[in-house]
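Worksheet: one structure, shown below.
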Amino acid sequence: MINEIGKIIRDKRRSLSLTIEQLAEKADVSESLVSQLERGVNSNISINKLERISTAVDLKLPDLFDKPANNGIKYLELLDFLADLPRDKREDISDKILALLSSMHTL
């Protein structure tokens, strides 16, 4: 699981054009910790530090633990986008996305 969490953090950091050093500074953790997390070699990270790192790259901590292998960056960004919308707009956009996906599946 820590390998997948590290991959999500690394992908999000890169999508934000942050270096490991910049992320470490923003999260107030060591560069070594960020590097180890991204490589999946540190499974002994505190929740507090993991939360600071995830917050620094605009991710929610619970998202990292909800089937992390399935939670790519774009997936998480889409969920966050939808979650911030009023319910009626969220439902409308979700319907449109599902219709688009359904039409693409039949091609």
Residue selected from the stretch 34-49 under the condition within 16 Å of Leu59 (Cβ to Cβ) and surrounded by 15 or more Cβ atoms within 10 Å (Cβ to Cβ), by the criterion farthest from the chain's Cα centre (by Cα): Ile45
Ser30 over 15 Å from Ile2 (Cβ atoms) and touching a residue at least 40 places away in the same chain (Cβ under 8 Å): no
Those residues of the stretch 3-27 which are without any contact (Cβ under 8 Å) to a residue 12 or more places away in the chain and of a type outside the set (Val, Ile, Thr), in sequence order: Arg14, Ser17, Glu21, Gln22, Ala24, Glu25
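None of the figures in this text is laboratory data; all of them are computed from the coordinates on show. None of the values given here were measured: they were computed from a predicted structure. We place every Cβ from the backbone using ideal geometry, glycine too, and count neighbours over all the protein chains shown.
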